[in-house]
Each structure stands twice: as C-alpha cells, then as structure tokens.
Amino acid sequence: MNVIFLGPPGAGKGTQCKVIADRYQLRHLSSGDILRRERADNTDLGQKAQSFMDSGRLVPDDLIVAMMMKEINAADTNSGVVLDGFPRTIGQAEELDKALNAAGKDIDVVLCLDVDDDKLEHRITGRRSCSGCGAAYHITFNPPQVDGICDKCQKELTQRSDDTAEVVKNRIKTYHDQTAPLVSFYKEKGNLKNVDGNVAIEQVTQAMCDILDRVST
Ligand code: AP5
C-alpha cells in the first residue's frame, strides 16, 4: 500500500505518519526530515535548500523530485511507502505519477488532514522534536514526562529553526498557494480521503486507520 499525506504545516502529518508506518509496516519517507538531514550533513543539496526552508518557501521541484525518487527507489517497497510532505506541487505530483507508473506501481490513497488555520501556528511554535530518535512532542498537547527530555530515548528535545511565528505564516501561505491545489488534483483521480485533523491525536489516528483498513482489504 502506497499512501500520501497531504495537509498544511502543523496539521499532524509527521505525528500520524510515524504511527501509521509502524502499524501497517510501511516505509515512512518525510521530505522535510530528509532535507534536514542533508542540511545537517552540509551536502550540496542541503546548502541549496537552506534559504528556501528558512524563509518558508518550497525548495525547487527539480531538486525535490530527484531527492524523493532516489529515496522511494531505495526503499524496501514490498509493503509500500507513506509519503509525508511530498508531493507538494502539481509538478511534483505529475513526476511522481510518471515514475510510479513506469515501475508498475500506484498511489492507493491520499489522506488529507484538514486543520483550521488558527490552530496551526500554536501547534508549530509549541512543537519540540527529539534530537535522538526524532519523536515529536508539543509543550501543551503532547508534553514529555520530563520537561525537555524525550520519553523514549532520554535525549534532549529541540525546536526547529523554521518554527518561528514569522516563518510559520509564510509556510501556511505557501501551502495555500502551491500545495492546496493538490486536493482537487487527487479528488479528480478519485483517491483522496479527507480526515478531520482538528481533534485529538488518537482520534485522528483512529479515523485514518478506519480508512486504511478499508483500502488494504
Ligand atoms: P516539513 O518538514 O515537511 O514541514 P511542514 O509541511 O511545514 O510540516 P510540519 O513538519 O511543520 O508539520 P506536520 O504536519 O508534520 O505536523 P506535526 O505532526 O509535526 O517541510 C519543511 C520545509 O522543507 C518546507 O517549508 C520546505 O521549505 C521544505 N520542503 C519539504 N518538503 C518539500 C517539498 N515536497 N517540496 C518543496 N519543499 C519542501 O505536528 C505539529 C505539532 O502539533 C506537534 O508538536 C504535534 O505534537 C502537535 N499535534 C499533532 N497533531 C495534533 C492534534 N491532533 N492535536 C493537537 N496537537 C497536535
């Protein structure tokens, strides 16, 4: 099963993808996480992506498509992948379709997490991530047991450099301008499922599993 997660910044894509990938034994490929790894390793791609990410703009399609197709092809795709944050433009979606079709594969379902804009900024500025295992927390909605420390691996929790109020506004605008058109794109293809992302994390997970259980049987 190949699944795409769509949704604005802070909608809960990363949070849900980790659980879904684990439950359905899918490979979780997050374009944002891969870009952050490239930046941490100071690669050519990481350097090129830096100014786009820091200002809340999208990294150019040619760089992203090449990066993600390499990851998808390298993934053990026997059970499938869950794509988190990719595609994010119509151009990226068309390139993904072409590459999957050439390999005799397809996207089974696109899960679109709908969250009201006024909730997104609070979710993002309160987000903390584990510097060790990458687990996501929120200082209000999903706090760690010990302040600033990961429950799972006891490493320090950090805040992303693009999680400031100013950059978040740009990221939300970029989503509406460039990524939201994908909702109609996948609706026309007939594989889009909307999920209410305004409710508690566990309720969102349950709604997604209900959909995926139907798709996978
Ligand atoms: P990326 O890392 O993909 O960031 P994003 O899309 O902005 O999404 P986020 O990671 O901020 O949010 P999320 O939906 O994963 O939310 P989360 O689960 O963490 O991209 C970063 C940058 O890289 C982009 O700006 C761009 O420059 C570049 N990039 C990446 N992909 C690209 C592409 N394809 N093309 C071009 N450029 C690309 O949750 C957020 C917080 O809310 C957490 O603290 C969580 O605990 C909490 N939370 C989650 N769910 C709930 C809930 N139901 N109730 C309450 N709190 C919740």
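The values are calculated or read from the model by the stated rules, or taken from the named source; none is laboratory data. Fair warning: this is a prediction, and the values are worked out from it, not measured in the lab. Reconstructed Cβ throughout: ideal geometry from the backbone, glycine too, with neighbour counts over all protein chains shown. What goes into the accessible areas is simple: the full protein's heavy atoms, side chains included, and nothing from ligands, DNA or RNA. Shrake-Rupley method; radii C 1.70, N 1.55, O 1.52, S 1.80 Å.
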Given the criteria more than 8 Å from the ligand (Cβ to nearest atom), farther than 25 Å from PHE52 by Cα and surrounded by 13 or more Cβ atoms within 10 Å (Cβ to Cβ), does ASP108 qualify? yes
Counted residues in segment 111-138 being within 8 Å of the ligand (Cβ to nearest atom) and aliphatic (A, V, I, L, M) come to 4
Pairs with Cβ under 7 Å, 6+ apart, first in segment 180-209 and at negative phi, second of a type in the set (Gly, Ala, Ser) and assigned to a loop (DSSP other than H, G, I, E, B): GLY197/GLY7; GLY197/ALA11; GLY197/GLY12; ILE201/GLY12; VAL204/GLY12; VAL204/GLY197
Within segment 40-51, can you find the residues that are part of a helix (DSSP H, G or I), open to solvent by less than 60 Å² (accessible area, probe 1.4 Å) and not aliphatic (A, V, I, L, M)? GLY46
Return yes or no: is ASP54 under 23 Å from ALA11 (Cα atoms), surrounded by fewer than 16 Cβ atoms within 10 Å (Cβ to Cβ), within 12 Å of the ligand (Cβ to nearest atom) and acidic (Asp, Glu)? yes
Could you tell me which numbered condition LEU120 fails, if it satisfies all but one of (1) hydrophobic (A, V, I, L, M, F, W, C); (2) open to solvent by 10 Å² or more (accessible area, probe 1.4 Å); (3) in contact with a Gly (Cβ under 6 Å, 6 or more places away or on another chain)? (2)
Flagged in segment 17-42 as polar (S, T, N, Q) and under 24 Å from ASP54 (Cα atoms), in numbering order, are SER30, SER31, ASN42
Considering only residues that are assigned to a loop (DSSP other than H, G, I, E, B) and away from the ligand (no atom under 14 Å from the Cβ), look in segment 77-102 and name the one that is surrounded by the most Cβ atoms within 10 Å (Cβ to Cβ). GLY80
When ASP62 is run through (1) away from the ligand (no atom under 11 Å from the Cβ); (2) more than 15 Å from the chain's Cα centre (by Cα); (3) not small (Gly, Ala, Ser), the failure sits at (1)
With the requirement that a residue be more than 8 Å from the ligand (Cβ to nearest atom), open to solvent by 40 Å² or more (accessible area, probe 1.4 Å) and not in a helix (DSSP H, G or I), what does segment 160-200 give you? SER161, THR164, GLY190, LYS193, ASN194, ASP196
Here are the criteria: (1) in contact (Cβ under 8 Å) with a residue 40 or more places away in the chain; (2) touching a Lys or Arg at 6+ places or on another chain (Cβ under 9 Å). Tell me which single one GLN50 does not satisfy. (1)
Condition check for ILE4: within 12 Å of the ligand (Cβ to nearest atom) and in contact (Cβ under 8 Å) with a residue 40 or more places away in the chain: yes
Quick one: count up the residues across segment 13-34 that are near the ligand (Cβ under 6 Å from one of its atoms) and surrounded by fewer than 22 Cβ atoms within 10 Å (Cβ to Cβ). 3
